[in-house]
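Report on the following structure.
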Amino acid sequence: MINNPVIRWVRRECRHAYHALHPESCRRSSAWLNQSGPEFMRLIGVRPGDTVLDFGCGPGFFCLPAARAVGAGGSVCAVDKDLRVLRKVRRLAAAHGLNNLHTAAGLAEAAARLAGRLCDFILFYDMLHFLDAPERRDLYARTRGMLTDRGRISAHLKHVIGAEPGQFFAGMTAADAAREIETAGFRLDQKIPTRIWHSYDAEESLVWNFIKQD
């Protein structure tokens, strides 16, 4: 928590300056959070009443639309190790009246927040490339146990070969990453061409849905 009033002022002024200089970017992000994002969630299969976990949620460009898509009867848990990010997500959720959105700093805390509810969807969007292979295998194994019998992993396999390669995906194709998920007890169910939020705007890409196998 930053208590220095000068630092808080500088950060606030920087945010205001960005909004003034990039009004179109701010308009697009607002449209995504309130309209395009919930439509995207419905496209990938999220339904009212579902339980969704957004792993590596960042500033909330997927967990907030998911909370709109699942409605009051559903539940969303946003997971991120950055506590500042989680505070921002909670503020945005409160500002938009999304009382069905919870936050957690890890999977154990997420399970507690969900209070025994298993997930219909677990989102891995633009974050798997930050994990090395053993970390990814552990993540798939742990989250598999948090899914319903027909629960799904939905992944945006970005930063692979041919798509701004970087970090631990730099030498992998999207098909390589998909096979890795399948070997963890999932079957590729759909490849959905769509517009998905990435960095500062929505872009054309693929979303890969995997269904949990017995």
- Query: Is it the case that some residue within the range 149-156 is more than 19 Å from Asp120 (Cβ to Cβ) and within 19 Å of the chain's Cα centre (by Cα)?
  - Reply: no
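With free of Cβ contacts under 8 Å to residues at least 40 places away in the same chain, touching a strand residue (DSSP E or B) at 6+ places or on another chain (Cβ under 7 Å) and surrounded by 17 or more Cβ atoms within 10 Å (Cβ to Cβ) as the only criterion, which of Leu147, Leu86 stands out? Talk me through it step by step, then tell me what you get.
On the way: Leu147 fails: free of Cβ contacts under 8 Å to residues at least 40 places away in the same chain.
Exactly one residue qualifies, and that residue is Leu86.
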(request) Evaluate the range 110-122: report whether one residue or more is within 23 Å of Ala31 (Cβ to Cβ) and out of contact with any Leu (no Cβ under 7 Å at 6 or more places or on another chain). (result) yes
Output for Cβ contacts, cut-off 7 Å, separation at least six or different chains, first residue assigned to a helix (DSSP H, G or I) in the range 171-185, second open to solvent by 30 Å² or more (accessible area, probe 1.4 Å), reads Ala178/Leu188; Glu182/Leu188
Report yes if some residue within the range 134-145 is β-branched (Val, Ile, Thr) and in contact with a Gly (Cβ under 6 Å, 6 or more places away or on another chain); otherwise report no.
-> no
Note on the range 161-214: residues in contact with a strand residue (DSSP E or B) (Cβ under 6 Å, 6 or more places away or on another chain) and aromatic (Phe, Trp, Tyr) are Phe186, Trp208, Phe210
Residue count, the range 177-187, condition open to solvent by 20 Å² or more (accessible area, probe 1.4 Å) and either at pLDDT below 95 or within 14 Å of Phe124 (Cβ to Cβ) (or both), comes to 3
Note: among Leu64, Leu92, just one is within 26 Å of Gly166 (Cβ to Cβ) and either outside any loop (DSSP other than H, G, I, E, B) or free of Cβ contacts under 8 Å to residues at least 60 places away in the same chain (or both), namely Leu64
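Determine if the range 68-81 includes at least one residue that is touching a His at 6+ places or on another chain (Cβ under 6 Å), in a loop (DSSP other than H, G, I, E, B), closer than 20 Å to His198 by Cβ and open to solvent by less than 70 Å² (accessible area, probe 1.4 Å). Before the answer, list the steps.
Looking only at the range 68-81, we keep the residues that are touching a His at 6+ places or on another chain (Cβ under 6 Å), and these are 77.
Checking the rest, the ones that are also in a loop (DSSP other than H, G, I, E, B) come to none.
Scanning the range 68-81, I find no residue that is touching a His at 6+ places or on another chain (Cβ under 6 Å), in a loop (DSSP other than H, G, I, E, B), closer than 20 Å to His198 by Cβ and open to solvent by less than 70 Å² (accessible area, probe 1.4 Å), so the answer is no.
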Counted residues in the range 99-121 being crowded, with 21+ Cβ neighbours inside 10 Å and out of contact with any strand residue (DSSP E or B) (no Cβ under 6 Å at 6 or more places or on another chain) come to 0
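The values are calculated or read from the model by the stated rules, or taken from the named source; none is laboratory data. Because the structure is predicted, anything quoted here is derived from the model rather than measured. In this analysis, Cβ positions are derived from the backbone assuming ideal geometry, glycine residues included, and neighbour counts consider all displayed protein chains. Areas reflect the complete protein model, heavy atoms only, side chains present, ligands, DNA and RNA absent. Shrake-Rupley method; radii C 1.70, N 1.55, O 1.52, S 1.80 Å.
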